[in-house]
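Notes follow once the structure below has been shown.
The values are calculated or read from the model by the stated rules, or taken from the named source; none is laboratory data. Every value quoted in this text rests on a predicted model; they were computed, and no experiment measured them. Virtual Cβ from ideal backbone geometry, glycine too; neighbours counted across all protein chains shown.
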Amino acid sequence: MNKNIQIGKINTLKVDRFADPGAYLVSEDEEDVLLPNAYVSDDMNLGDEVKVFIYTDSEDRLISTTLRPKAMLDEFGYMEVVAVTSFGAFVDWGLPKDLFVPKAFQKIRLEVGMKFLFRVCLDKETNRLFGAHKFKSFIRDDIEELEVNQRVDIIIREKTPLGFKVIVDNLYEAMIYHNEIFEDIWVGQKKSAFVKNIRADRKLDISLQPIGKSNTNTATSRIEKILRQNDGRLEFNYKSSPEDIKDRFGLSKKNYKRALTTLLEKKIIIVDESGMCLKQ
């Protein structure tokens, strides 16, 4: 249970009382917040602990919901612009009240229908959440704490001629190069990935597959799993084309061949001119 109510985050609060507009939830310090009737379930009782997201309503009062937004405080989400005014724009972040994007935090002039990555931020003076399309000032460059092959969470930001720009752990910018992508990815997608390279210019390169030995282990597991799903036999061998390997296994030919060799050495598969099969 939360000691105090935290705006922009998931809070665990206790049901304190019921009233006409809904249920009032409290934190340990007895601050309360309304959970509107639309989110009050029939099995909710006094004293129950409930997980809710906290934001502000149209009158800037704290409000709670059991819905989950596309991004929470200090996170990035892929959102669509749904309204534009003289003082800013509004984006759909999955809640009844749209997220406001002030003009000062717009990288370009936003128009209805545009979709971009936005960062959810908090104005500490007004206690209001807002979205930022211009978020360079929130990106960190203290990458020393990261390590090669470290697992990270990414969201795909933008496609470029070199590859895809991504946001890493909601903190860093990085790149995944086209020639190292062996699966379909798209802007706005959230995935697990791995740190491939920490460059001298304080830039990060990211891989969708683990590096080195871990990568081989992942590849062998994937091939073995797909073999078992296909009655233990596939028309693939060392001569299969890179395109077919990418489409079937989501691997580069280099990693695929390394994995085949590992599976052969472990006597798990047999490979011949017609394909591969699990060893009986």
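Restricting the search to region 212-247, which residues are loosely packed, with under 14 Cβ neighbours inside 10 Å, under 21 Å from ALA193 (Cβ atoms) and at pLDDT 85 or above?
Matches in region 212-247: SER221, LYS225, ASP247.
Within region 12-46, work out how many residues are under 16 Å from ARG61 (Cα atoms) and in a strand (DSSP E or B).
Here the count works out to 10.
Taking the stated definitions as given, is ASP153 within 19 Å of the chain's Cα centre (by Cα), among the acidic types (Asp, Glu), farther than 30 Å from LYS279 by Cα and part of a loop (DSSP other than H, G, I, E, B)?
Considered against the rule, which asks whether it is within 19 Å of the chain's Cα centre (by Cα), among the acidic types (Asp, Glu), farther than 30 Å from LYS279 by Cα and part of a loop (DSSP other than H, G, I, E, B), ASP153 comes out as no.
May I ask you to list the residues in region 76-97 that are buried (at least 18 other Cβ atoms within 10 Å of the Cβ) and assigned to a loop (DSSP other than H, G, I, E, B)?
Once the filter is applied, which keeps residues that are buried (at least 18 other Cβ atoms within 10 Å of the Cβ) and assigned to a loop (DSSP other than H, G, I, E, B), region 76-97 yields only TRP93.
What residue, among those in region 162-183 that are out of contact with any Gly (no Cβ under 9 Å at 6 or more places or on another chain) and not in a strand (DSSP E or B), is surrounded by the most Cβ atoms within 10 Å (Cβ to Cβ)? Lay out the reasoning, then the answer.
Here is the first cut: in region 162-183, the ones out of contact with any Gly (no Cβ under 9 Å at 6 or more places or on another chain) are 162-174.
Then keep just the ones that are not in a strand (DSSP E or B); that gives 162, 169-171.
On the way: LEU162: 11, ASP169: 14, ASN170: 20, LEU171: 17.
So the residue we want is ASN170.
Filter region 100-132 down to residues that are in contact with a Ser or Thr (Cβ under 8 Å, 6 or more places away or on another chain) and surrounded by fewer than 18 Cβ atoms within 10 Å (Cβ to Cβ), then give me how many there are.
Number satisfying all stated conditions: 2.
Of all residues in region 1-36 being aliphatic (A, V, I, L, M) and more than 11 Å from VAL50 (Cβ to Cβ), which is surrounded by the fewest Cβ atoms within 10 Å (Cβ to Cβ)?
The extreme case among them is ALA19.
When you go through LEU117, LEU110, LEU122 one by one, which is the residue that is farther than 14 Å from PHE194 by Cα, in contact with a Leu (Cβ under 8 Å, 6 or more places away or on another chain) and modelled with pLDDT of 95 or more?
Sole residue among the options that is farther than 14 Å from PHE194 by Cα, in contact with a Leu (Cβ under 8 Å, 6 or more places away or on another chain) and modelled with pLDDT of 95 or more: LEU122.
Keeping to region 169-199, report how many residues are at pLDDT below 95 and of a type in the set (S, T, N, Q).
Number of matching residues: 3.
Which of the numbered conditions does TRP186 fail, given that it passes all the others? Conditions: (1) assigned to a loop (DSSP other than H, G, I, E, B); (2) in contact with a Gly (Cβ under 9 Å, 6 or more places away or on another chain); (3) within 21 Å of ILE154 (Cβ to Cβ); (4) among the hydrophobic types (A, V, I, L, M, F, W, C).
(2)
If the requirement is being outside the structural domain of PHE249 (by TED's automatic domain parsing), closer than 29 Å to THR65 by Cβ, in a strand (DSSP E or B) and free of Cβ contacts under 8 Å to residues at least 60 places away in the same chain, which of these qualifies: VAL112, VAL101? Full working, then the answer.
Working: VAL112 fails: in a strand (DSSP E or B).
Checking each option against the conditions leaves just VAL101.
Within region 241-277, how many residues are assigned to a helix (DSSP H, G or I) and either in contact (Cβ under 8 Å) with a residue 60 or more places away in the chain or not basic (Lys, Arg) (or both)? Working first, answer last.
Start the filter on region 241-277 by keeping residues that are assigned to a helix (DSSP H, G or I), which leaves 242-249, 253-265.
Still in the list and also either in contact (Cβ under 8 Å) with a residue 60 or more places away in the chain or not basic (Lys, Arg) (or both): 242-247, 249, 255-256, 259-265.
Of the residues in region 241-277, 16 are assigned to a helix (DSSP H, G or I) and either in contact (Cβ under 8 Å) with a residue 60 or more places away in the chain or not basic (Lys, Arg) (or both).
Kindly check whether there is at least one residue in region 187-196 that is exposed (fewer than 13 other Cβ atoms within 10 Å of the Cβ), among the charged types (D, E, K, R) and over 28 Å from PHE105 (Cα atoms).
Of region 187-196, the ones exposed (fewer than 13 other Cβ atoms within 10 Å of the Cβ) are 192.
In the following step, the residues that additionally are among the charged types (D, E, K, R) were identified as none.
No, because not a single residue in region 187-196 is exposed (fewer than 13 other Cβ atoms within 10 Å of the Cβ), among the charged types (D, E, K, R) and over 28 Å from PHE105 (Cα atoms).
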